[in-house]
Amino acid sequence: MKRQENILLGVAAAMAVALSVVASAQAPVTLTMRSGETRQVTLVDLKAAGFEVRVNGAEEMIAKDQVAMVDFGGPATVTQAKLQGISSTKHLVVFKNGNTELLNWVDVGGTSPLVLRFDTGDTEREISASDVSRIYLAVPANWTGSVGTAAPRTGGPQPDGSIAVMAADPWTRSGLTVRAGEMLRFAVSGEIHFGNGPDDVGTADGSAAGRGVIARNLPVRTLPIGGLIGRVDNGPAFSIGTAPQPIRMPANGQLFLGINDVAFNDNAGAFRVVITR
């Protein structure tokens, strides 16, 4: 009996060690999406399908091509010249000592601290996450550095792949042709002014004060004034907002994005929209 108890205790100890290794192979990070949205997550792994993260205790996969930057914490100074070298196989690694390198980030592993693995072309290189401040996979839509700080001068498709929806324009061409029944996901950042009043500020969900919900002359009566809406060709307008779920396209044709408003001469600002098919 004593021997059996010792065996059970040994098994339990081994499981505890294994669990501690798994638990330690994680790191709290801030993800900045290509749309400019930020998310606080625990990084668990990097796979072919994307980043495996944990949010509020639940596992989630986030596609790699939706992430612009992973922030591990610490100082980071990034200039326009450094960001210009980023591509699908060259990610800008910003070290805590101030150095930067262009490397292809391919995997996550190790115990504590997390080990980041990079493909250099000739071999695989491992770097401790404790030495890294940030890794840029792309330039975020609302990046607050030398790139992307200027407000878009015109609406429509932008060089970074996003779409600028100017608040002063009733409708903006997205540059996309859609099919009836096709599902599109919209990631929206930014705020606009839909009037001259101090409270006339809205996100993609419209006025925070809910002004205009009952205005019957708005293109979409169920969305507050100032919200982001869409239409296909000259079809009826539909709500977009910041809905996390994909939106089904109602018809075949050209997709337009617009502001849920009826007067545009006192509007200012723009939404930045990233659309994923």
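All of the numbers you see were taken from the coordinates with simple rules; none came from a lab. These numbers come from a predicted model, not from an experiment. As a convention, Cβ positions derive from the backbone with ideal geometry for all residues, glycine included, and neighbour counts pool all protein chains shown.
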*asked:* Could you check the spin-label model distance between Asp266 and Glu59? Points 7 Å from the Cα along Cα→Cβ, value in nm.
replied: 5.3
*Tell me the Kirkwood hydrodynamic radius of region 24-136 in angstroms, computed as one over the mean inverse distance between distinct C-alpha pairs.*
14.1
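Under 15 Å from the Cβ of Arg54, count the other residues' Cβ atoms, weight Lys and Arg +1, Asp and Glu -1, and hand me the total. Let's see the in-between values first.
Values: positive: Arg39, Lys47; negative: Asp45, Glu52, Glu59, Glu60.
So the surrounding residues net to -2.
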*asked:* Using Cβ counts within 10 Å as a stand-in for footprinting exposure, how do Phe271, Phe72, Phe95 rank, fewest first?
replied: Phe95, Phe72, Phe271
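Enter the per residue convex hull volume of region 156-276, computed from alpha-carbon coordinates, in Å³ rounded to the nearest integer.
Details: hull volume 11.1 nm³, N = 121.
It comes to 92 Å³ per residue, whole-number rounded.
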*Using the beta-carbon distance between Asn234 and Thr276 and R0 = 22 Å, what value does 1/(1 + (r/R0)^6) give for FRET efficiency, to the nearest 0.05?*
0.30
*Using only alpha carbon pairs under 8 Å that are at least six residues apart, calculate the relative contact order of region 156-276 and give it in whole percent.*
41
*What does the charge add up to near Asp107, with Lys and Arg as +1, Asp and Glu as -1, over the other residues with Cβ less than 13 Å from its Cβ?*
-1
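What is the fewest-to-most order of Leu92, Leu83 by other Cβ atoms lying within 10 Å of their Cβ? Could the numbers behind the result be given before it?
Numbers: Leu92 22, Leu83 18.
Lowest count first: Leu83, Leu92.
Counting only other residues whose beta carbon sits under 13 Å from that of Trp171, what net charge do I get with K and R as +1, D and E as -1? List each step's numbers first, then the result.
Values: positive: Arg173, Arg231; negative: Asp169, Asp233, Asp261.
Net local charge, Trp171 excluded: -1.
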*Which of the aspartates and glutamates could be linked to Lys47 by a straight reach, that is with a Cα gap under 15 Å, when you skip same-chain ones fewer than 8 residues away?*
Glu59, Glu60, Asp65, Asp107, Asp119
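For region 156-276, with only Lys/Arg (+1) and Asp/Glu (-1) charged at the beta-carbon, what is the dipole magnitude about the Cα centre, in debye rounded to 20?
So the magnitude is around 420 debye.
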